[in-house]
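Student: Could you have a look at this structure, given as structure tokens, before my questions?
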Amino acid sequence: MSEIVVVGGGLAGGAAACGLALGGFAAGGRAVTLLERDRAPVHKICGEFLSVEAQASLAAIGLDVAALGGHRISRLRLVRGAGVVEVGLPFEGVGVTRRTLDAALLERAESLGVTVRRGVAVREVGFEGGLRVDLAGEAALRPAIVVLASGKHEVRGVRRRVGTVEDLIGFKMYFRLDAAQTAVLARHIELYLWQDGYGGLQLVEDGVANFTLLIERARYRAAGGTWAGLLAALRASCGVLDARLRGAVAVLDQPLTIFRVPYGFVHRPGGDDVPGLFRLGDQMAVIPSFTGDGMAIALHSAAVAVAAILAGEPALAHHVRVRRDVRGQIARASVLAGMARFGFGQAALFQAARLSPALLRLAAQWTRVPPSRGPAATRILRI
Ligand SMILES: Cc1cc2nc3c(=O)[nH]c(=O)nc-3n(C[C@H](O)[C@H](O)[C@H](O)COP(=O)(O)OP(=O)(O)OC[C@H]3O[C@@H](n4cnc5c(N)ncnc54)[C@H](O)[C@@H]3O)c2cc1C
């Protein structure tokens with residue numbers, strides 16, 4: 001029997017599996033099995049800006065981000081129309097593809113003794129007479145604990161209770177910029193504010209640029225309802241972006257897309273919490289992209305879950321802790337994201353940043369999971 005089943009091999013699931021193994025759970029015949037539906041590492045929709053907090057969390061489970069070949073980022077350019085404000089970040093981030101990062105995490109988990117099964121999709125999680133994990137084409141598993149880390153994907157039986165979801169579409173495309181523009185972008189993340197949306201451009205491994213954006217569906221339709229039409233409209237409204245992408249070559253055939261992300265969702269611990277079901281990452285909380293630190297929250301929730309599991313605490317205690325730790329950041333990031341999308345808010349944001357660039361640094365700090373509450377190495381290794 002597998003004692004713990006981790007559903008999903010993204011950041012939260014991979015980190016939790018590593019943490020459990022490091023904490024000694026996999027020793028003594030107690031198994032940790034991680035199920036990931038993708039057969040091989042894939043690109044995922046994500047801005048791929050890894051904050052210093054996220055890097056520290058990864059270091060705590062023995063993953064050396066520097067070895068992954070990402071691009072170090074220490075400056076932010078905020079771009080609105082022809083206006084640009086530039087500021088040094090209060091920390092150094094790293095641009096690294098999720099394909100590389102998630103693969104490294106799963107390799108690390110395997111090396112620590114976790115059974116990683118790729119190409120295995122969980123169809124449903126049930127509770128009758130104990131936890132049950134249904135798989136396609138094979139017998140159900142009956143673990144003592146389920147770590148639910150399926151990210152944006154709902155799993156039947158344990159769907160998130162999300163409220164109203166905004167009608168935003170997310171796109172991600174990799175570009176190889178021309179040499180001069182690659183040099184201008186080096187060590188920067190550029191954030192663009194457009195009517196009804198915003199997005200970011202930064203370098204990742206091998207000098208490739210990640211361009212990820214969120215836009216209202218109505219705006220997308222108005223641009224012809226195609227990626228080419230949208231890109232042309234965004235470039236026409238922003239000279240800086242147009243310059244960056246002149247002569248650029250798209251690396252993917254099509255952009256990756258995502259719809260209706262439940263930004264602002266935080267799992268509410270309560271009566272429907274099942275003792276052995278631990279929610280992690282986006283299944284626990286979803287912070288608005290670009291104004292928040294989704295990967296750090298995913299990793300933080302993993303560390304909190306590991307500590308709770310190793311201490312024999314119920315999932316409810318874990319959910320209460322993570323909610324307490326991330327609620328404020330999510331509320332502040334939601335306000336910023338709302339401002340970043342609409343004319344008046346954008347103008348206010350941009351003017352404030354122009355008058356006092358330090359405000360941008362402050363905003364970046366407000367929306368982080370504080371390192372003091374982060375998954376410190378000691379917390380995992382002490383156990
Ligand atoms: C547009 C956008 C931009 C973003 N930009 C950033 C950014 O720049 N920086 C940042 O810190 N955060 C960013 N985020 C947030 C970040 O991507 C997420 O918070 C993070 O990926 C959450 O990690 P996770 O482990 O919960 O989910 P994921 O990383 O999505 O992993 C979930 C895994 O579960 C697997 N899975 C799903 N269902 C099943 C199933 N039924 N059975 C088995 N496996 C399953 C999936 O294949 C996947 O591998 C962004 C998000 C979006 C939408």
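The values are calculated or read from the model by the stated rules, or taken from the named source; none is laboratory data. This is a predicted model, so every value here is computed, not measured. As a convention, Cβ positions derive from the backbone with ideal geometry for all residues, glycine included, and neighbour counts pool all protein chains shown. To get the accessible areas, we keep the full protein, side chains included, count just its heavy atoms, and leave off ligands, DNA and RNA. Shrake-Rupley method; radii C 1.70, N 1.55, O 1.52, S 1.80 Å.
Student: Relative to the longest principal axis of the C-alpha atoms of the chain, give the angle of the C-alpha long axis of helix 98-111, reported between 0 and 90° and rounded to the nearest 10°.
Tutor: That helix lies at roughly 20 degrees to the long axis.
Student: Follow-up. May I ask you to derive the relative contact order of the chain, considering only C-alpha pairs under 8 Å and at least 6 residues apart, and to give it as an integer percent?
Tutor: Working: 822 pairs, mean separation 85.7, N = 383.
Answer for the chain is 22 percent.
Student: Can you tell me the 0 to 90 degree angle between the C-alpha axis of helix 343-355 and the longest principal axis of the chain, rounded to 10?
Tutor: With both axes taken from Cα atoms, the answer is about 80 degrees.
Student: Here's something else I'd like to know. Please list, in chain and number order, the residues 5+ apart from ARG279 or on another chain whose amide H is under 5 Å from its amide H, with Hs placed from the backbone.
Tutor: LEU148
Student: Under a crude label model (7 Å from the Cα following the beta-carbon direction), how far is ARG268 from THR226 in nanometres?
Tutor: 4.5
Student: Excluding ligands, DNA and RNA, what is the solvent-accessible area per residue of region 137-229 at a probe of 1.4 Å, expressed in Å²? List each step's numbers first, then the result.
Tutor: On the way: 3810 Å² over 93 residues.
Dividing the accessible area of region 137-229 by its residue count gives 41 Å².
Student: Would you mind calculating the gained length between PHE127 and LEU256 on full extension (0.36 nm times residue separation, minus the Cα-Cα distance), in nm to one decimal?
Tutor: Numbers: separation 129, 0.36 × 129 = 46.44 nm, distance 3.45 nm.
Full extension of this stretch gives 43.0 nm more.
Student: Right, another one. Net charge within 12 Å of PRO41 by Cβ-Cβ distance, Lys/Arg positive one each and Asp/Glu negative one each, not counting PRO41 itself?
Tutor: On the way: positive: ARG39, LYS44, ARG98, ARG99, ARG118; negative: GLU36, ASP38, ASP102, GLU107.
Net of charged neighbours comes to +1.
Student: Let me ask something else about it. Taking amide H atoms as placed 1.01 Å from N in the peptide plane, list the residues 5 or more away in sequence, or in a different chain, whose amide H sits under 5 Å from that of TYR198.
Tutor: Here the answer is LEU214, since their amide H atoms fall under 5 Å of that of TYR198.
Student: I'd like the carbon and sulfur percentage of the solvent accessible area for the chain, probe radius 1.4 Å, heavy atoms only, ligands and nucleic acids excluded. Mind dumping the intermediate values first?
Tutor: On the way: 8360 of 15440 Å².
Here it works out to 54 percent.
Student: If you average the alpha carbon positions of region 251-274 and of region 277-350, how far apart do those two centres end up, in angstrom?
Tutor: Using only Cα atoms, the two centres lie 11 Å from each other.
Student: Roughly speaking, what is the stretch gain from ARG235 to ARG324, that is 0.36 nm per residue apart minus the C-alpha to C-alpha distance, in nm to one decimal?
Tutor: Values: separation 89, 0.36 × 89 = 32.04 nm, distance 4.05 nm.
Taking ARG235 through ARG324 to full extension adds about 28.0 nm, to one decimal.
Student: Could you tell me the calculated FRET efficiency between ALA136 and SER111, based on Cβ-Cβ distance and R0 = 22 angstrom, to the nearest 0.05? Provide the component values of the computation, followed by the final result.
Tutor: Numbers: r = 28 Å, r/R0 = 1.26.
Given R0 = 22 Å and the Cβ-Cβ separation, E is 0.20.
Student: Around LEU58, with a cut-off of 11 angstrom between Cβ atoms, what is the net charge of the other residues, counting Lys and Arg +1 and Asp and Glu -1?
Tutor: On the way: positive: ARG108; negative: GLU53, ASP64.
Charge balance in the 11 Å sphere: -1.
Student: What are the trypsin sites (Lys or Arg not before Pro) within region 1-81 that DSSP puts in a loop, where the Cβ has at most 13 other Cβ atoms within 10 Å?
Tutor: ARG39
Student: Next up: In Å², what does the accessible area per residue of region 267-370 work out to with a 1.4 Å probe? Write out the running numbers ahead of the final one.
Tutor: Values: 3930 Å² over 104 residues.
Each residue of region 267-370 exposes 38 Å² on average to a 1.4 Å probe.
Student: Can you tell me the orientation of helix 11-22 relative to the chain, as the angle in degrees between its alpha-carbon axis and the longest Cα principal axis, to the nearest 10?
Tutor: Between the helix axis and the principal axis of the chain, the angle is about 40 degrees.
Student: Return the sequence-ordered ³J(HN,Hα) values of region 173-189 in whole Hz as given by the Karplus equation 6.51 cos²θ - 1.76 cosθ + 1.60 applied to θ = phi - 60°, using x for Gly and Pro.
Tutor: Values per residue, Gly and Pro as x: 9, 9, 10, 9, 6, 6, 4, 5, 6, 4, 5, 5, 7, 3, 6, 10, 10 Hz.
Student: Hey, another quick one. Please give the contour-minus-distance gain from SER74 to GLN351: 0.36 nm per residue of separation, less the Cα-Cα distance, rounded to one decimal in nm. Walk me through the numbers on the way to the answer.
Tutor: Details: separation 277, 0.36 × 277 = 99.72 nm, distance 2.19 nm.
Stretched out fully, the SER74 to GLN351 stretch lengthens by 97.5 nm.
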